[in-house]
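A quick write-up on the structure given underneath.
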Amino acid sequence: MNEKIFSLPIIEQISPYLSRRQLGELPILVISHPKVRAAISLQGAHLIAWQPAQEHPVFWVSEASLFTPGVAIRGGIPICWPWFASAGTPSHGFARILPWEFSAHTEQDDGVLITMTLKESQQTQKYWPHPFTVIARFKLGATCEVELESYGDYEATAALHSYFNVSDIDNVSVTGLGSHYIDTVADKEVYTDETSLRFNGRTDRLYTEPEDFNLIHDDGWDRTIEVHHYHHSDVVCWNPGAELASSMKDMSTGGYRKMACVETARIHQPLKPDNVHPGRLSLVVRVRKNIAEK
(Lines give C-alpha, C1' and ligand atoms only; values in the text may rest on other atoms or scores of the structure.)
Protein backbone atom coordinates (compact mmCIF):
# COMPACT_ATOMS: atom_id res chain seq x y z
CA MET A 1 0.00 0.00 0.00
CA ASN A 2 2.84 2.41 0.82
CA GLU A 3 4.33 2.30 -2.70
CA LYS A 4 0.86 2.64 -4.23
CA ILE A 5 0.31 5.87 -2.30
CA PHE A 6 3.62 7.44 -3.37
CA SER A 7 3.17 6.49 -7.02
CA LEU A 8 -0.25 8.17 -7.35
CA PRO A 9 -0.46 10.96 -9.96
CA ILE A 10 0.06 14.48 -8.59
CA ILE A 11 -3.06 16.64 -8.88
CA GLU A 12 -1.51 19.77 -7.35
CA GLN A 13 2.06 20.47 -6.26
CA ILE A 14 1.36 22.62 -3.20
CA SER A 15 5.00 23.19 -2.26
CA PRO A 16 8.37 21.56 -2.94
CA TYR A 17 7.70 18.66 -0.56
CA LEU A 18 3.89 18.58 -0.44
CA SER A 19 1.39 17.52 -3.09
CA ARG A 20 -2.31 16.78 -3.34
CA ARG A 21 -3.29 13.42 -4.82
CA GLN A 22 -6.32 11.12 -4.97
CA LEU A 23 -6.55 7.69 -3.31
CA GLY A 24 -9.74 5.99 -4.43
CA GLU A 25 -12.39 8.67 -3.91
CA LEU A 26 -10.48 10.50 -1.17
CA PRO A 27 -8.13 13.48 -1.54
CA ILE A 28 -4.83 13.02 0.29
CA LEU A 29 -1.76 15.11 1.09
CA VAL A 30 1.52 13.39 0.24
CA ILE A 31 4.84 14.43 1.81
CA SER A 32 7.98 13.54 -0.15
CA HIS A 33 10.88 15.00 1.84
CA PRO A 34 14.56 13.94 2.01
CA LYS A 35 14.02 12.86 5.64
CA VAL A 36 10.56 11.28 5.36
CA ARG A 37 7.68 10.08 3.23
CA ALA A 38 4.16 10.42 4.63
CA ALA A 39 0.51 10.79 3.63
CA ILE A 40 -2.62 12.19 5.29
CA SER A 41 -6.20 11.76 4.13
CA LEU A 42 -8.30 14.93 4.35
CA GLN A 43 -11.13 12.67 5.47
CA GLY A 44 -10.56 12.19 9.16
CA ALA A 45 -7.19 14.05 9.22
CA HIS A 46 -6.06 10.45 8.96
CA LEU A 47 -2.32 9.72 8.85
CA ILE A 48 -2.06 6.74 6.50
CA ALA A 49 1.70 6.60 5.96
CA TRP A 50 4.89 7.58 7.73
CA GLN A 51 8.26 6.23 6.61
CA PRO A 52 11.51 7.87 7.77
CA ALA A 53 14.33 7.72 5.21
CA GLN A 54 15.97 4.27 4.99
CA GLU A 55 13.29 2.69 7.22
CA HIS A 56 10.51 0.19 6.69
CA PRO A 57 6.97 1.72 6.61
CA VAL A 58 5.77 2.22 10.19
CA PHE A 59 1.99 2.08 9.67
CA TRP A 60 -0.16 -0.66 8.22
CA VAL A 61 -3.15 0.08 5.97
CA SER A 62 -5.45 -2.65 4.69
CA GLU A 63 -5.35 -3.36 0.98
CA ALA A 64 -9.12 -3.90 1.27
CA SER A 65 -9.91 -0.37 2.50
CA LEU A 66 -12.39 1.30 0.16
CA PHE A 67 -11.19 4.93 0.43
CA THR A 68 -14.78 6.10 0.01
CA PRO A 69 -16.35 9.24 1.56
CA GLY A 70 -18.06 8.49 4.87
CA VAL A 71 -16.35 5.10 5.27
CA ALA A 72 -13.60 4.71 7.88
CA ILE A 73 -10.13 3.79 6.61
CA ARG A 74 -8.74 0.56 8.09
CA GLY A 75 -5.19 1.34 9.20
CA GLY A 76 -2.84 4.27 9.82
CA ILE A 77 -3.97 6.46 12.73
CA PRO A 78 -7.75 6.96 12.80
CA ILE A 79 -8.79 9.79 15.13
CA CYS A 80 -11.50 8.39 17.42
CA TRP A 81 -13.44 11.42 18.69
CA PRO A 82 -15.71 12.49 20.47
CA TRP A 83 -16.33 8.97 21.70
CA PHE A 84 -14.53 5.65 21.64
CA ALA A 85 -15.92 2.30 20.40
CA SER A 86 -19.71 1.90 20.64
CA ALA A 87 -20.35 4.72 23.13
CA GLY A 88 -22.21 6.44 20.26
CA THR A 89 -23.05 6.11 16.56
CA PRO A 90 -21.05 5.80 14.39
CA SER A 91 -18.57 3.59 16.22
CA HIS A 92 -15.42 5.49 17.31
CA GLY A 93 -17.10 8.84 16.64
CA PHE A 94 -17.61 10.95 13.53
CA ALA A 95 -14.24 12.73 13.29
CA ARG A 96 -12.65 9.91 11.30
CA ILE A 97 -15.37 9.86 8.59
CA LEU A 98 -15.78 13.60 7.89
CA PRO A 99 -13.60 15.93 5.77
CA TRP A 100 -11.23 18.20 7.69
CA GLU A 101 -9.84 21.56 6.61
CA PHE A 102 -6.18 21.67 5.63
CA SER A 103 -5.29 24.77 7.68
CA ALA A 104 -1.51 25.27 7.47
CA HIS A 105 1.84 23.71 6.75
CA THR A 106 5.52 24.47 7.28
CA GLU A 107 8.50 22.87 5.60
CA GLN A 108 11.86 22.61 7.34
CA ASP A 109 15.16 20.84 6.76
CA ASP A 110 14.18 18.09 9.21
CA GLY A 111 10.60 17.52 8.04
CA VAL A 112 7.12 18.92 7.50
CA LEU A 113 4.42 20.23 9.87
CA ILE A 114 0.77 19.90 8.87
CA THR A 115 -2.25 21.40 10.68
CA MET A 116 -5.86 20.32 10.07
CA THR A 117 -9.12 21.53 11.64
CA LEU A 118 -12.64 20.22 12.19
CA LYS A 119 -15.51 22.44 13.42
CA GLU A 120 -19.22 22.00 14.04
CA SER A 121 -21.39 22.04 10.92
CA GLN A 122 -24.75 20.83 9.69
CA GLN A 123 -23.08 17.46 9.15
CA THR A 124 -21.78 17.17 12.71
CA GLN A 125 -25.13 18.28 14.17
CA LYS A 126 -26.56 15.01 12.87
CA TYR A 127 -24.27 13.15 15.26
CA TRP A 128 -23.66 15.56 18.14
CA PRO A 129 -25.36 18.78 19.32
CA HIS A 130 -22.27 20.63 20.63
CA PRO A 131 -20.29 23.50 19.11
CA PHE A 132 -16.60 22.52 18.98
CA THR A 133 -13.21 22.99 17.36
CA VAL A 134 -10.71 20.15 17.00
CA ILE A 135 -7.17 20.75 15.75
CA ALA A 136 -4.82 17.98 14.60
CA ARG A 137 -1.11 18.73 14.18
CA PHE A 138 1.39 16.41 12.52
CA LYS A 139 5.15 16.83 12.83
CA LEU A 140 6.65 14.39 10.34
CA GLY A 141 10.34 13.71 9.97
CA ALA A 142 12.75 11.16 11.43
CA THR A 143 10.21 10.99 14.28
CA CYS A 144 6.44 11.34 14.13
CA GLU A 145 4.39 13.52 16.47
CA VAL A 146 0.60 13.74 16.39
CA GLU A 147 -1.24 16.19 18.64
CA LEU A 148 -5.00 16.56 19.04
CA GLU A 149 -6.59 19.61 20.68
CA SER A 150 -10.28 20.17 21.30
CA TYR A 151 -12.26 23.17 22.50
CA GLY A 152 -15.87 23.38 23.63
CA ASP A 153 -18.32 22.84 26.48
CA TYR A 154 -18.76 19.07 26.54
CA GLU A 155 -17.33 15.82 27.87
CA ALA A 156 -15.73 13.40 25.43
CA THR A 157 -13.51 10.37 25.06
CA ALA A 158 -10.83 9.97 22.41
CA ALA A 159 -8.08 7.77 20.99
CA LEU A 160 -5.34 7.86 18.39
CA HIS A 161 -5.99 4.36 17.04
CA SER A 162 -2.51 3.54 15.70
CA TYR A 163 -2.08 0.47 13.45
CA PHE A 164 1.60 -0.45 13.40
CA ASN A 165 3.14 -2.36 10.52
CA VAL A 166 4.89 -5.51 11.82
CA SER A 167 6.73 -8.48 10.32
CA ASP A 168 4.26 -10.97 11.81
CA ILE A 169 2.02 -10.70 14.87
CA ASP A 170 3.70 -13.79 16.35
CA ASN A 171 7.02 -11.88 16.43
CA VAL A 172 5.63 -8.93 18.41
CA SER A 173 5.57 -8.04 22.09
CA VAL A 174 4.65 -4.79 23.87
CA THR A 175 6.11 -3.55 27.16
CA GLY A 176 5.28 -0.68 29.51
CA LEU A 177 1.55 -1.37 29.70
CA GLY A 178 1.13 -1.61 33.48
CA SER A 179 -0.51 -4.24 35.67
CA HIS A 180 -4.24 -3.61 35.18
CA TYR A 181 -6.46 -3.96 32.13
CA ILE A 182 -10.02 -4.55 31.00
CA ASP A 183 -10.21 -7.58 28.71
CA THR A 184 -13.06 -6.79 26.32
CA VAL A 185 -12.93 -10.20 24.63
CA ALA A 186 -13.24 -12.16 27.90
CA ASP A 187 -15.38 -9.40 29.50
CA LYS A 188 -13.35 -9.27 32.68
CA GLU A 189 -11.00 -7.08 34.72
CA VAL A 190 -7.45 -8.39 35.09
CA TYR A 191 -4.53 -7.64 37.41
CA THR A 192 -1.31 -9.11 36.08
CA ASP A 193 2.37 -9.51 36.89
CA GLU A 194 3.22 -9.96 33.20
CA THR A 195 5.80 -7.47 31.99
CA SER A 196 4.90 -7.75 28.31
CA LEU A 197 1.95 -8.49 26.05
CA ARG A 198 2.08 -11.04 23.26
CA PHE A 199 -0.86 -11.19 20.84
CA ASN A 200 -2.18 -14.74 21.17
CA GLY A 201 -5.30 -14.78 19.01
CA ARG A 202 -7.95 -12.08 19.23
CA THR A 203 -6.81 -9.34 21.63
CA ASP A 204 -8.73 -6.31 22.87
CA ARG A 205 -7.38 -4.82 26.09
CA LEU A 206 -7.81 -1.42 27.76
CA TYR A 207 -4.78 -0.80 30.01
CA THR A 208 -5.71 1.74 32.69
CA GLU A 209 -2.30 2.22 34.42
CA PRO A 210 0.13 2.41 31.49
CA GLU A 211 3.56 3.98 31.57
CA ASP A 212 4.22 7.14 29.57
CA PHE A 213 5.78 5.14 26.75
CA ASN A 214 5.52 1.65 25.36
CA LEU A 215 8.00 -0.35 23.34
CA ILE A 216 6.78 -2.47 20.44
CA HIS A 217 9.42 -5.16 19.94
CA ASP A 218 9.38 -6.74 16.48
CA ASP A 219 11.86 -9.61 16.43
CA GLY A 220 11.14 -10.43 12.78
CA TRP A 221 12.41 -7.05 11.59
CA ASP A 222 14.88 -6.52 14.44
CA ARG A 223 13.35 -3.18 15.29
CA THR A 224 11.67 -1.44 18.20
CA ILE A 225 9.04 1.28 17.91
CA GLU A 226 8.88 3.69 20.84
CA VAL A 227 5.34 4.99 21.44
CA HIS A 228 5.39 8.02 23.75
CA HIS A 229 2.00 9.04 25.19
CA TYR A 230 0.99 12.46 26.52
CA HIS A 231 -2.24 13.57 28.24
CA HIS A 232 -3.55 9.99 28.15
CA SER A 233 -5.30 7.85 30.75
CA ASP A 234 -5.28 4.54 28.88
CA VAL A 235 -3.53 2.50 26.23
CA VAL A 236 -5.59 0.14 24.06
CA CYS A 237 -3.99 -2.93 22.46
CA TRP A 238 -5.91 -4.66 19.70
CA ASN A 239 -5.59 -7.33 17.04
CA PRO A 240 -8.70 -9.04 15.61
CA GLY A 241 -7.18 -12.52 15.28
CA ALA A 242 -7.98 -14.91 12.44
CA GLU A 243 -11.68 -15.59 13.06
CA LEU A 244 -12.86 -11.99 13.48
CA ALA A 245 -10.57 -10.79 10.68
CA SER A 246 -12.17 -13.22 8.24
CA SER A 247 -15.55 -11.53 8.81
CA MET A 248 -14.26 -7.97 8.30
CA LYS A 249 -14.89 -6.72 4.76
CA ASP A 250 -12.11 -4.14 4.93
CA MET A 251 -9.45 -6.51 6.30
CA SER A 252 -7.15 -7.86 3.60
CA THR A 253 -6.52 -11.61 3.58
CA GLY A 254 -3.99 -12.38 6.29
CA GLY A 255 -3.76 -8.66 7.09
CA TYR A 256 -4.27 -9.20 10.81
CA ARG A 257 -0.87 -10.91 10.93
CA LYS A 258 0.84 -7.74 9.68
CA MET A 259 -0.59 -5.22 12.17
CA ALA A 260 -0.70 -4.45 15.88
CA CYS A 261 -2.68 -1.60 17.45
CA VAL A 262 -1.19 0.26 20.41
CA GLU A 263 -3.37 3.33 21.01
CA THR A 264 -3.04 6.53 23.01
CA ALA A 265 -6.45 7.02 24.65
CA ARG A 266 -8.60 8.98 27.09
CA ILE A 267 -11.44 6.61 27.95
CA HIS A 268 -11.83 5.89 31.67
CA GLN A 269 -10.97 9.54 32.42
CA PRO A 270 -13.11 11.47 29.88
CA LEU A 271 -12.06 14.87 28.62
CA LYS A 272 -13.70 17.75 30.49
CA PRO A 273 -14.80 21.05 28.89
CA ASP A 274 -11.91 22.87 27.19
CA ASN A 275 -9.30 20.20 27.78
CA VAL A 276 -6.64 21.65 25.51
CA HIS A 277 -4.74 18.39 24.92
CA PRO A 278 -7.00 15.34 24.62
CA GLY A 279 -4.22 13.30 23.09
CA ARG A 280 -0.68 13.38 21.79
CA LEU A 281 1.77 10.72 20.78
CA SER A 282 5.35 10.74 19.59
CA LEU A 283 6.90 7.83 17.70
CA VAL A 284 10.52 6.84 17.37
CA VAL A 285 11.79 3.85 15.39
CA ARG A 286 14.89 2.04 16.64
CA VAL A 287 16.36 -0.46 14.20
CA ARG A 288 18.63 -3.14 15.64
CA LYS A 289 19.89 -4.08 12.18
CA ASN A 290 19.88 -2.33 8.87
CA ILE A 291 16.62 -3.59 7.34
CA ALA A 292 17.98 -3.01 3.84
CA GLU A 293 20.56 -5.72 4.53
CA LYS A 294 18.00 -8.35 5.58
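The values are calculated or read from the model by the stated rules, or taken from the named source; none is laboratory data. Quantities reported herein were computed from a predicted structural model and do not represent experimental measurements. Here the Cβ is made from the backbone with ideal geometry for all residues, glycine too, and neighbour counts use every protein chain on show. The accessibility values were calculated without ligands, DNA or RNA, using every heavy atom of the protein model including side chains. Shrake-Rupley method; radii C 1.70, N 1.55, O 1.52, S 1.80 Å.
Some points to look at:
- For the residues Ala39, Ala72, Ala49, the requirement of being buried (at least 23 other Cβ atoms within 10 Å of the Cβ), over 23 Å from Gly220 (Cβ atoms) and either at pLDDT below 95 or touching a helix residue (DSSP H, G or I) at 6+ places or on another chain (Cβ under 8 Å) (or both) singles out Ala39.
- Residue that is farthest from the chain's Cα centre (by Cα), among those in the range 61-101 that are of a type in the set (Gly, Ala, Ser) and more than 25 Å from Val185 (Cβ to Cβ): Gly70
- Contact map, the range 156-173: first residue closer than 14 Å to Tyr256 by Cβ, second residue of a type in the set (Val, Ile, Thr) and open to solvent by 10 Å² or more (accessible area, probe 1.4 Å), Cβ cut-off under 8 Å, separation 6 or more or different chains; pairs are Tyr163/Val61.
- Strands (runs of 3 or more DSSP E) within the range 1-86 that include 1 or more residues of a type in the set (Phe, Trp, Tyr) and within 30 Å of Glu120 (Cα to Cα): 46-52
- Meets criteria (open to solvent by 60 Å² or more (accessible area, probe 1.4 Å) and in contact with a strand residue (DSSP E or B) (Cβ under 7 Å, 6 or more places away or on another chain)) for Glu12: yes
- Counting the residues of the range 161-208 that are open to solvent by 20 Å² or more (accessible area, probe 1.4 Å), closer than 15 Å to Asp234 by Cα and among the aliphatic types (A, V, I, L, M) gives 3.
- For the range 113-124, the criterion of being among the basic types (Lys, Arg) and either open to solvent by less than 20 Å² (accessible area, probe 1.4 Å) or part of a loop (DSSP other than H, G, I, E, B) (or both) is met by no residue.
- Filter result for Asp218 (open to solvent by less than 40 Å² (accessible area, probe 1.4 Å), in contact (Cβ under 8 Å) with a residue 24 or more places away in the chain and out of contact with any Leu (no Cβ under 7 Å at 6 or more places or on another chain)): yes
- Yes/no for Arg198 being free of Cβ contacts under 8 Å to residues at least 40 places away in the same chain and closer than 15 Å to Val172 by Cα: yes
- Here Ala136 passes the criteria (1) assigned to a loop (DSSP other than H, G, I, E, B); (2) over 17 Å from Ala85 (Cα atoms); (3) of a type outside the set (S, T, N, Q) except the one numbered (1).
- Residues (aliphatic (A, V, I, L, M), touching a Leu at 6+ places or on another chain (Cβ under 7 Å) and open to solvent by less than 20 Å² (accessible area, probe 1.4 Å)) located in the range 221-271: Ile225, Val227, Val235, Val236
- Some residue of the range 110-129 being closer than 28 Å to Thr253 by Cβ, of a type in the set (S, T, N, Q) and without any contact (Cβ under 8 Å) to a residue 12 or more places away in the chain: no
- Test: residue in the range 140-160 that is part of a loop (DSSP other than H, G, I, E, B), in contact with a strand residue (DSSP E or B) (Cβ under 9 Å, 6 or more places away or on another chain), of a type outside the set (Phe, Trp, Tyr) and surrounded by 21 or more Cβ atoms within 10 Å (Cβ to Cβ): no
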